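A short write-up of the structure that comes next.
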Amino acid sequence: MPSIRDARILMLATDGFEQLELTVPRDELRKAGARVDVASPKGQPIRGWNMTDWGETVPSDLKIADAKPDDYTALVLPGGAINPDKLRIDEDAMKIVRAFLDSGKVVAAICHAPWLLVQADAVRGLNVTSFKSIRKDVENAGGKWVDKEVVTDKGIITSRSPADLKAFVPKIIEEIEEGRHERRSAA
């Protein structure tokens, strides 16, 4: 059984990520013993969005294009309206999302980040939650939208907002410790 202490986790983000949705999972997963790398489009520091205005700048460990999915146990996608909207049209980011989905490794997306799963055509037939404003996007992509703090289906973890982080992070740890999951390939 895999241990969180042996896990290496990749987070994809760009300017406009929701502050707490990156910093809380990053810090809590590190506290649990995982190695967590933040990848951004240019490998440069990125600035968060803190609910209603620009937030803190956080360092990036590498460029998204340089991240190798085989080196990681799980993928965590923070939300915010700006961040996933930019990343879902970034070819390098979407290659990584699809590689994780195809591998059966844990993928966790919060708030608006399920847009990346929709873009990868990965929610069809799955139970998924998200920020309520993208509910119709999830449903139109074939997902079964559920209004719960955390929803897991075949190793894909989704949550609605920063208010759900207390359930989201422990579920990431639990799913990593379960190991790989069977699911259909992303398009």
Tally of residues being at pLDDT 95 or above and either basic (K, R) or on the phi > 0 side of the Ramachandran plot (or both) across the range 30-54: 7
Could you list, in sequence order, the residues of the range 1-32 that are surrounded by fewer than 23 Cβ atoms within 10 Å (Cβ to Cβ), of a type in the set (A, V, I, L, M) and in contact with a Ser or Thr (Cβ under 7 Å, 6 or more places away or on another chain)? A7
Being in contact (Cβ under 8 Å) with a residue 24 or more places away in the chain and in a strand (DSSP E or B), is that true of even one residue in the range 76-99? yes
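Looking at the range 33-56, which of the residues that are of a type in the set (A, V, I, L, M, F, W, C) and surrounded by fewer than 18 Cβ atoms within 10 Å (Cβ to Cβ) is nearest to I110 (Cα to Cα)? Step through it out loud before you land on a result.
As a first pass, look at the range 33-56 and keep what is of a type in the set (A, V, I, L, M, F, W, C): 34, 36, 38-39, 46, 49, 51, 54.
With surrounded by fewer than 18 Cβ atoms within 10 Å (Cβ to Cβ) added as a condition, the list becomes 51, 54.
Working: M51: 14, W54: 19 Å.
Among those that are of a type in the set (A, V, I, L, M, F, W, C) and surrounded by fewer than 18 Cβ atoms within 10 Å (Cβ to Cβ), it is M51.
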Within the range 121-138, track down each residue that is loosely packed, with under 14 Cβ neighbours inside 10 Å and touching a strand residue (DSSP E or B) at 6+ places or on another chain (Cβ under 8 Å). G125
Under 6 Å between Cβ atoms, at least 6 apart or on separate chains: pull out the pairs that start in the range 26-40 with a residue that is part of a strand (DSSP E or B) and end on any residue that is surrounded by fewer than 17 Cβ atoms within 10 Å (Cβ to Cβ) and modelled with pLDDT of 95 or more. R35/R8; V36/R30; D37/D61; V38/D61; A39/L62
Can G104 be described as crowded, with 17+ Cβ neighbours inside 10 Å, out of contact with any Phe, Trp or Tyr (no Cβ under 9 Å at 6 or more places or on another chain) and at positive phi? no
Residue that is farthest from I172 (Cα to Cα) [pool: residues in the range 100-144 that are part of a strand (DSSP E or B) and either β-branched (V, I, T) or touching a helix residue (DSSP H, G or I) at 6+ places or on another chain (Cβ under 7 Å) (or both)]: V128
Residue ID - surrounded by the most Cβ atoms within 10 Å (Cβ to Cβ), chosen from residues in the range 139-179 that are among the basic types (K, R) and closer than 21 Å to G125 by Cα: R160
Suppose we filter the range 47-62 for residues that are touching a helix residue (DSSP H, G or I) at 6+ places or on another chain (Cβ under 8 Å), assigned to a strand (DSSP E or B) and not polar (S, T, N, Q); how many remain? 5
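The values are calculated or read from the model by the stated rules, or taken from the named source; none is laboratory data. Predicted model only: the values in this text are computed from it and were never measured. Please note: Cβ atoms are built from the backbone with ideal geometry, for glycine as well, and neighbour counts cover all protein chains shown.
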